[in-house]
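Asks: Have a look at this one.
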C-alpha cells in the first residue's frame, strides 16, 4: 500500500488501483474513473488495492461492489466509513470528515447527499449511474 500512496501523491493523480497483474492510474475528478472501470472492466477492481485522494459514500459503494480488497484515502467521509464497516474491505485513511463537500464548497457533494440515507449498494449504484449519465 505504501508504494501506491507514494504514487498517488507523486503523480498528481486522483486514484491508483493495483492488482497482482496491473497498476491503473486515474486522473478524472470525482467518481468518473471508478464508475467507468466498474461498468466496463469490473475485473480491474476485484481483489484490488486502491489509494485515492477523496473517498465518499458513492466511491465506497463502487469499491465494495467491485470487490476491492483494501483502500487508503487521504480524506474519507464518515458516511463512507459506515458503508465500509458493513463490508470486508480493509480501510486506512489520513483524515475523516463528516461528509464530502461539493466543488463550490457550498454544501454536500451531490452523490454524498443523494446516497446518505440509502443502505442498498444496488440502489446506491443506481443513483450513481443516473448521476454520471447526466454529466457532460
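Asks: Please work out which one of (1) assigned to a loop (DSSP other than H, G, I, E, B); (2) over 19 Å from residue 125 (Cα atoms) is the condition residue 30 fails and give its number.
Replies: (2)
Asks: Now, a different point. Kindly indicate the residue of segment 10-22 that is more than 15 Å from the chain's Cα centre (by Cα) and part of a loop (DSSP other than H, G, I, E, B) and also surrounded by the most Cβ atoms within 10 Å (Cβ to Cβ) among those meeting that condition.
Replies: Step one: filter segment 10-22 for residues more than 15 Å from the chain's Cα centre (by Cα), giving 10-12, 19-22.
If we keep only those that are part of a loop (DSSP other than H, G, I, E, B) as well, we get 11-12, 19-22.
Numbers: 11: 11, 12: 9, 19: 15, 20: 7, 21: 7, 22: 9.
The residue in question is 19.
Asks: Restricting attention to segment 28-66, report how many residues are buried (at least 16 other Cβ atoms within 10 Å of the Cβ) and within 12 Å of the chain's Cα centre (by Cα). Step through it out loud before you land on a result.
Replies: Initially, segment 28-66 is screened for residues buried (at least 16 other Cβ atoms within 10 Å of the Cβ), giving 30-31, 33-35, 37-38, 44-45, 48-66.
Next, from what is left, pick out any that are within 12 Å of the chain's Cα centre (by Cα): 30-31, 33-35, 37-38, 45, 49-66.
Here the count works out to 26.
Asks: Quick one: is residue 113 more than 29 Å from residue 10 (Cβ to Cβ), out of contact with any helix residue (DSSP H, G or I) (no Cβ under 6 Å at 6 or more places or on another chain), modelled with pLDDT under 95 and part of a helix (DSSP H, G or I)?
Replies: On the way: more than 29 Å from residue 10 (Cβ to Cβ): yes; out of contact with any helix residue (DSSP H, G or I) (no Cβ under 6 Å at 6 or more places or on another chain): yes; modelled with pLDDT under 95: yes; part of a helix (DSSP H, G or I): yes.
For residue 113, the condition - more than 29 Å from residue 10 (Cβ to Cβ), out of contact with any helix residue (DSSP H, G or I) (no Cβ under 6 Å at 6 or more places or on another chain), modelled with pLDDT under 95 and part of a helix (DSSP H, G or I) - is met.
Asks: Among the residues of segment 40-49, are any in contact with a strand residue (DSSP E or B) (Cβ under 8 Å, 6 or more places away or on another chain), farther than 29 Å from residue 2 by Cβ and modelled with pLDDT under 95? Steps first, answer last, please.
Replies: Keep residues of segment 40-49 that are in contact with a strand residue (DSSP E or B) (Cβ under 8 Å, 6 or more places away or on another chain), which gives 44-45, 48-49.
Retained after the next criterion (residues that are farther than 29 Å from residue 2 by Cβ): none.
For segment 40-49, residues in contact with a strand residue (DSSP E or B) (Cβ under 8 Å, 6 or more places away or on another chain), farther than 29 Å from residue 2 by Cβ and modelled with pLDDT under 95: absent.
Asks: Okay, next question. Test of understanding: among 91, 25, 71, 96, which residue is exposed (fewer than 13 other Cβ atoms within 10 Å of the Cβ) and in contact with a helix residue (DSSP H, G or I) (Cβ under 8 Å, 6 or more places away or on another chain)?
Replies: Values: 91 fails: exposed (fewer than 13 other Cβ atoms within 10 Å of the Cβ); 25 fails: exposed (fewer than 13 other Cβ atoms within 10 Å of the Cβ); 71 fails: exposed (fewer than 13 other Cβ atoms within 10 Å of the Cβ).
Result of the check over 91, 25, 71, 96: 96.
The values are calculated or read from the model by the stated rules, or taken from the named source; none is laboratory data. Just so we're clear, the structure is a prediction, and the values are computed from it rather than from any experiment. Methodologically, a virtual Cβ is constructed for each residue, glycine included, from the backbone with ideal geometry; neighbour enumeration extends over all protein chains shown.
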